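**Q** Structure provided below as structure tokens; questions to follow.
The values are calculated or read from the model by the stated rules, or taken from the named source; none is laboratory data. The structure presented is a predicted model; accordingly, all values stated were derived computationally and were not measured. In this analysis, Cβ positions are derived from the backbone assuming ideal geometry, glycine residues included, and neighbour counts consider all displayed protein chains. Please note that ligands, DNA and RNA were not included when accessible areas were found on the heavy atoms of the full protein model with its side chains. Shrake-Rupley method; radii C 1.70, N 1.55, O 1.52, S 1.80 Å.
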Amino acid sequence: MSRAFVKEDDAGEPPIIPPRAALPPGTTNYVTPNGLEQLRAELTLLEAERSKAEANREDEANRTRQLTILNARLSALNERLASARVIDPATQQPDEVRFGATVTLKTVKGPKPGMKRTFTIVGVDEADVSAGKVAFVAPIARAVVGAKAGETVSLKLGRNEELVEVVRVVY
């Protein structure tokens, strides 16, 4: 029987191996010093988890499954660490938006004139929009890189286009 005709209730199952944040092919894996420390801390935790799983001899089938998942996650993480290129924000030009900058934008023209937004441009593995950290490959980050305080930049966010002023650049 074809699997297309078999009903399986696996909607609640998490993916076997959670994907790492996407890094476009051929793109250098820039990280901040803090981002590199986060990756190293994650590596330490995964290695400890693997050691614990290797020591557990009670359920061999579950142990094998856990080790397969952990080894895949460790492999992906080691690839990221090997390709990481650390950029210290303190070495960037202080008056220009670059990797590691905390940028404040003010909408000049668009759906919400006068609205301010602040975010920090970081590596893909440390990006967290809820914490105000945007990956350097994100469209908003790409649009403002190279701009200086006082300059206006055009942003295309979905269907909307906004004209924003770079109010502040801090490292």
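**Q** Hey, what did region 97-171 get for relative contact order, percent, Cα under 8 Å, at least 6 apart?
**A** 37 percent.
**Q** Once you place label points 7 Å from the Cα toward the Cβ at R57 and L43, how far apart are they in nm?
**A** Roughly 3.1 nm, to one decimal.
**Q** Then there's this: For a distance above 13 Å, tell me the whole-number percent of Cα pairs in region 66-123 that qualify.
**A** That tail contains 73 percent of the Cα-Cα pairs.
**Q** Testing the spin-label approximation: label points 7 Å from Cα along Cα→Cβ at E79 and K156. State their distance in nm.
**A** 2.9 nm
**Q** How much accessible surface does D128 have with a 1.4 Å probe, in Å² rounded to 10?
**A** 70 Å²
**Q** Top to bottom by accessible area (1.4 Å), largest first, where do S51, S130 land?
**A** Result, largest first: S130, S51.
**Q** Could you give the length gained on full extension between K116 and E96, defined as 0.36 nm per residue of separation minus the Cα-Cα distance, in nm? Display every interim value, and only then the final one.
**A** Numbers: separation 20, 0.36 × 20 = 7.20 nm, distance 1.84 nm.
Full extension from K116 to E96 adds 5.4 nm.
**Q** Mind checking the angle between helix 60-83 and the chain's longest principal axis? C-alpha axes, 0 to 90 degrees, to the nearest 10.
**A** Roughly 30 degrees, rounded to the nearest 10.
**Q** Mind checking the angle between helix 33-55 and the chain's longest principal axis? C-alpha axes, 0 to 90 degrees, to the nearest 10.
**A** Value to nearest ten degrees: 10.
**Q** Just want to confirm a number: the relative contact order over the chain, from Cα pairs under 8 angstrom separated by 6+ residues, in percent.
**A** Relative contact order comes out at 22 percent.
**Q** Scan region 140-171 for trypsin sites (Lys or Arg not before Pro) in coil per DSSP, keeping those whose Cβ has at most 14 other Cβ atoms within 10 Å, and list them by number.
**A** Here the trypsin sites (Lys or Arg not before Pro) that fit, given the DSSP loop and packing criteria, are R159.
**Q** What size of dipole, in debye to the nearest 20, comes out for the chain about its Cα centre when the only charges are +1 on Lys and Arg C-beta atoms and -1 on Asp and Glu C-beta atoms?
**A** Here the size comes out at about 640 debye.
**Q** A further question follows. Cα-based Rg (one decimal) and Dmax (whole number) for the chain, in Å?
**A** When restricted to the Cα atoms of the chain, Rg and Dmax are 21.2, 66 Å.
**Q** Determine which lysines satisfy two conditions relative to K156: a Cα distance under 24 Å, and not lying fewer than 8 residues away in the same chain.
**A** Cross-link targets: K106, K109, K112, K116, K133, K148.
**Q** Could you check what % of the DSSP bridge pairs in the chain are antiparallel, to the nearest 5?
**A** Of all bridge pairs located within the chain, approximately 75 percent are antiparallel.
**Q** Apply the Karplus curve 6.51 cos²θ - 1.76 cosθ + 1.60, θ = phi - 60°, to the phi angles in region 151-158 and return the couplings in whole Hz, x for Gly and Pro.
**A** Once rounded to whole Hz, the list reads 7, 9, 9, 8, 10, 10, 10, x.
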